[in-house]
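So the structure is just underneath, and the comments pick up after that.
The values are calculated or read from the model by the stated rules, or taken from the named source; none is laboratory data. Since the model is a prediction, treat every value here as computed from it, not as a measurement. Cβ atoms come from the backbone with ideal geometry, glycine included; neighbour counts cover every protein chain shown.
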Amino acid sequence: MVDPLKQDSLFDNLIKIPLTDEDKTPIVLSFIESLLDKYIKLQIILKHDIFNEVEAATYLRLSDPQGAGRNTIRNYALRSKMLSFYQIGRNGLTFTKSDLDNFLNSRKVKGYREL
């Protein structure tokens, strides 16, 4: 019979890192900073009517607004011509909140109660 208190060979290679209060502080601070960052972005979205590409991707709740979400917005605007935009200078595309809302409504899939 195997003694359950003996270490199994699977657990021999685990590295045990003790967490002290000093080790937890950077994790907590980075978590608070990420929450503040999301809160500030939400406030920008709620109070503005004009968005850049990243803000538009955040407003449409696309994954990874800085990367793939931004590319998705550009695809809908430039290639498929499904999303209206303004091109002002070389700073990327600019969108209005009403255009984004119209785009959302055009992509709506109706349920059986709405048919």
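Numbers for the structure displayed
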{"read-out": "Condition met for residue 91 (exposed (fewer than 15 other Cβ atoms within 10 Å of the Cβ), within 18 Å of the chain's Cα centre (by Cα) and under 14 Å from residue 52 (Cα atoms))", "value": "no"}
{"read-out": "Selection count where residues are over 14 Å from residue 107 (Cβ atoms) and surrounded by fewer than 17 Cβ atoms within 10 Å (Cβ to Cβ), scope the stretch 55-70", "value": "5"}
{"read-out": "Test: residue 73 is surrounded by 10 or more Cβ atoms within 10 Å (Cβ to Cβ), at pLDDT below 70 and within 19 Å of residue 98 (Cβ to Cβ)", "value": "no"}
